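The values are calculated or read from the model by the stated rules, or taken from the named source; none is laboratory data. Here the structure is a predicted model, which is why all the values come from computation and not from measurement. Cβ placement follows ideal geometry from the backbone for every residue including glycine, while neighbour counts extend to all protein chains displayed. Just so you know, the surface numbers come from the protein's heavy atoms only, side chains and all, with ligands and any DNA or RNA stripped out. Shrake-Rupley method; radii C 1.70, N 1.55, O 1.52, S 1.80 Å.
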Amino acid sequence: MITSALKSTAHTSLEAAQDWLLWLTRLWGLTLLTLHLAAWRLSEDMAWSLWPYTFLPAWLGWMLALLAGALIIPAVNQPIIRALASTFNRLRFTLSRQSWFALISVGAGLMFWLARLRHLRWGDSYMLSVALSYPDLDLRVIYNWQAPLTVFLHQRLWQFVADPLLGWPVETVYAITSIICGVLFVYLLLNFTARLGRDPLESAVLAGLLLTTGAMQLFFGYVENYTLISLGLLITLFLAWRALRGEIKPLWPCWPSR
């Protein structure tokens, strides 16, 4: 009887902790939505990750935020969950889930290419595009202590592959690697959130929140050194989550984080 009472108490405590975590998650989600709505009053350098939201008309931004916030109301999210589940079940008759994720990722890659960023007149983008292909070999940048892997990788890809075989400048090499990382990022994120969410709506919201931040600009052909790091971080998070579930050994999430 004592053992049963202890198990019952532990189960009750676990449910209470889960309820608190759920409410904290909802509060955090509402806080993020509020920050999106406040982006119009914040400077771009203070809230650059939220700044793309300001390109929407104010009425549309408010409407989208209110719709997203309403998802925490059971009377709203339950019908949406059932509709999404029904839609996903119908889609599975045509293609598997992995096939849909692959199609979405390739479609995202096409969008990354068509809407790629082309700022090369300032900042690191200008320095990288000039320094990695500088005519004077004694002054050409090949190694860099701040980002040794990405600088070396892009410089060698330009010097030995892109320039002699395709005639591409350094910025095109960066654009291609950026977009490839973006395609892999979207595919991996869809797989991660599909397993992380408890239902189709939760998975869709998790993926949507991450895919609509300003950080996604890294995959629009951005001439920068952060694209590989962003993909590596997502891989590390996914592997760490799987390790915590006992699916893989803890060694795996340690490898990409190095």
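List of remarks:
- Measuring r between the beta carbons of residue 119 and residue 12 and using R0 = 51 Å, the FRET efficiency lands at 0.35.
- Computed over protein heavy atoms with a 1.4 Å probe, the accessible surface of region 25-141 works out to 71 Å² per residue.
- For region 87-135, the alpha carbon convex hull comes to 125 Å³ per residue, rounded to a whole number.
- Cβ-based charge dipole, region 28-176, positive-most Cα from 88, 139, 168: 88
- Exposed loop sites here mean GluC sites (Glu not before Pro) with a DSSP loop assignment and at most 16 other beta-carbon atoms within 10 Å; the chain contains its longest site-free run at 45-246.
- Computed on the Cα trace of the chain, the radius of gyration divided by the Kirkwood hydrodynamic radius gives Rg/Rh = 1.05.
- Of interest is the spacing of the C-alpha centroids, which for region 132-173 and region 47-70 amounts to 39 Å.
- What the Cα convex hull of region 192-258 gives, in volume per residue, is 81 Å³.
- For the chain, hydrophobic long helices are taken as DSSP H runs at least 30 Å long by C-alpha position along their axis with mean Kyte-Doolittle hydropathy of -1.0 or more; these are 2-38, 170-196.
- Other residues with beta-carbon under 11 Å from the beta-carbon of residue 54 carry, at +1 per Lys or Arg and -1 per Asp or Glu, a net charge of 0.
- Length released on extending from residue 206 to residue 44, taking residue separation times 0.36 nm less the Cα-Cα span: 55.9 nm
- All C-alpha to C-alpha distances of region 96-196, sorted into 10 Å bins beginning at zero, yield P(r) values of 14, 37, 28, 16, 4, 0 percent in whole numbers.
- Cα point-scatterer Debye curve for region 53-119, base-10 log of I(q)/I(0) at q = 0.20, 0.23, 0.27 Å⁻¹: -1.00, -0.97, -0.98
- Sparsely packed chymotrypsin sites (Phe, Trp or Tyr not before Pro) within region 17-97, loop by DSSP, other Cβ within 10 Å at most 10: 93
- The chain - percent of accessible surface contributed by carbon and sulfur, probe 1.4 Å: 70 percent
- Over the chain: helical MRE at 222 nm, DSSP H runs n ≥ 4 each giving -39500 (n - 2.57), nearest 500: -22000 deg cm²/dmol
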